[in-house]
Amino acid sequence: MTNELLACGTELASLVDQVADGVPPERPAHQQTCPHCQATLQDINQLWSHVRQLTREEIAIPSGIVERVIRRIVEELQALGRLIPLDAVAPRLVRHALLRGPSGTTRIADRVVAKLIARLILDLPSVHSLGRAGRVIDVEITGLEVTVDLRLVVSYGRRIPDVAATVRAAVIRRVEALTGLEVREVNIAVESVEMGRR
Amino acid sequence: MPRDDQRAAGGPAAGPKEPEFLPTAETTRLAAFETFVLRNQAVVYRVALRILGNKEDAQDATQEAFVQAWRALPSFRGESSLETWLYRIVTNRCLNLLRSRHSAEPLSETREALLARPNHLAETRSELEALKDAIVRLPPEQRATLVLRELEGLSHEEIAHVLGTTVPAVKGRLHRARLELLHAMRGWR
């Protein structure tokens, strides 16, 4: 296939190189007038314009790559007995609050806080259910402060701003009472409204 | 109650001595490596996506490549640039993945299935999508060579280093890949 020739005897590969690498034509005078060369060059140029377009295409990087890589490495090092505290390496990746007391530390993971919230929300009649898309309860812990993002389905007939206020107050009250952490923000996205019981 | 604890957690100077929080050579190295991953993830992911053709595999290969880079870092001697070295790791990751698939399910079958795709389907696809498809259908070595040369702009010498082969071999593969693409793209029209 590499030595494929056009009807006029020109090597196809030489035309491809000409376009792709900017190599000067082997037989410029012939090429100018040859319909086979011209048609083929047109095809190649078109292909190459797509290739160039592909190099400029924006690619969205999936989130969490850095996180997962560092976690894997830390786990590996820990398995080797080299205890690396994640918070010393990458504080952004720490997913827990550390309460230091005189006789020891208490660690509260973000998922524990999320579970508390899930439980208390389902006790509120104005909330039909948790949302369905993506992370419905996202808890971010910074030091001893908590930020919460929630996605909810509200029961039909309830005034949505009131529901949000109730949820917000309940989350702040319960999380602060049960964990001793401070809730900085509760952001609520109402995903849908549903009739009837869940 | 949290207030006092917060201050204590602020840093080594504020609290009692906590040996686990003293930076060791390894934690310093790992913190630097995090920055390295952050800076290079776009390139590595892009290469993996072009060679593997789907996001899930590309993300896995990217992560694996960086973990492998961490392990290999102590033996990095600076014979190539750090970037070429990284290209080498991710490209080999992708090629190994493709080879293991290759033995699990014969490539000819996949190729036939792809080629048997009805034409009306092809017509509704943009030519750019058709090109991506055609790239993914190239044999793995040709595909990697083409991606590194045409999309990443590496030199023949760099590609030879990345793929552990010779410059003439790189040129040959590139040639075949370009011609194959041309044939494939003509077929779409």
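The values are calculated or read from the model by the stated rules, or taken from the named source; none is laboratory data. Remember, predicted model here, so these are calculated numbers, not experimental data. Every residue, glycine as well, gets a Cβ built from its backbone with ideal geometry; the counts of neighbours run over all protein chains shown. Surface areas here come from the heavy atoms of the whole protein model, side chains and all, with no ligands, DNA or RNA. Shrake-Rupley method; radii C 1.70, N 1.55, O 1.52, S 1.80 Å.
When only C-alpha pairs under 8 Å and at least 6 residues apart count, what is the relative contact order of region A:109-194, in percent?
Working: 141 pairs, mean separation 29.2, N = 86.
The value is 34 percent.
In a GNM of chain A with a 10 Å cut-off on Cα contacts, which of A:Pro28, A:Pro125, A:Pro62 has the highest mean-square fluctuation?
Between A:Pro28, A:Pro125, A:Pro62, it is A:Pro28 that shows the largest mean-square fluctuation.
Looking at region A:135-167, which trypsin sites (Lys or Arg not before Pro) are DSSP coil and have at most 12 other C-beta atoms within 10 Å of their C-beta? Spell out each step's value before the answer.
Values: sites: A:Arg135, A:Arg151, A:Arg158, A:Arg159; in loops: A:Arg135, A:Arg158, A:Arg159.
Here the trypsin sites (Lys or Arg not before Pro) that fit, given the DSSP loop and packing criteria, are A:Arg135, A:Arg159.
Would you mind telling me the share, in percent, of accessible area of region A:109-194 contributed by carbon and sulfur at probe 1.4 angstrom?
On the way: 2250 of 4560 Å².
On region A:109-194, the fraction of accessible area on carbon and sulfur atoms equals 49 percent.
Which semi-axis lengths, in whole Å and largest first, follow from the square roots of five times the eigenvalues of the Cα gyration tensor of region A:12-94? Display every interim value, and only then the final one.
Working: eigenvalues 632, 37, 14 Å².
Equivalent ellipsoid of region A:12-94: 56, 14, 8 Å, largest first.
How much accessible area is lost when chains B and A come together, counting both sides, with a 1.4 Å probe, in Å² rounded to the nearest 100? Don't skip to the end; give the middle numbers.
On the way: alone 12330 and 13720 Å², together 21070 Å².
Buried: approximately 5000 Å² between A and B.
Return the long-range amide H neighbours of A:Leu130 (sequence gap of 5 or more, or a different chain), with a cut-off of under 5 Å between placed amide H atoms.
A:Val153
DSSP beta bridges in chain A, what fraction antiparallel, as a percent rounded to 5? Can you show the working numbers first?
Details: 16 of 27 bridges.
Counting DSSP beta bridges with both partners in chain A, the antiparallel share is about 60 percent.
For region B:31-106, which trypsin sites (Lys or Arg not before Pro) are in a loop by DSSP, counting at most 14 other Cβ atoms within 10 Å? Write down the numbers at each step before the final one.
Values: sites: B:Arg39, B:Arg46, B:Arg50, B:Lys55, B:Arg71, B:Arg77, B:Arg88, B:Arg93, B:Arg99, B:Arg101; in loops: B:Arg77.
Those satisfying the criteria are B:Arg77.
Please report, ordered by residue number, every helix of chain A (full DSSP H runs) that is 15 Å or longer along its axis going by C-alpha atoms and whose mean Kyte-Doolittle hydropathy reaches -1.0. Mind showing how you got there, number by number?
Values: long enough: A:35-56 (32 Å, -0.76); A:65-79 (21 Å, 0.28); A:110-122 (19 Å, 1.23); A:160-179 (28 Å, 0.76).
Counting only whole DSSP H runs, the qualifying helices are A:35-56, A:65-79, A:110-122, A:160-179.
If you count, for every residue in B:40-48, the Cβ atoms of partner chains within 10 Å of its Cβ, what is the mean?
On the way: counts 0, 5, 4, 1, 2, 5, 4, 0, 0.
For this peptide, the per-residue mean of nearby foreign Cβ atoms is 2.
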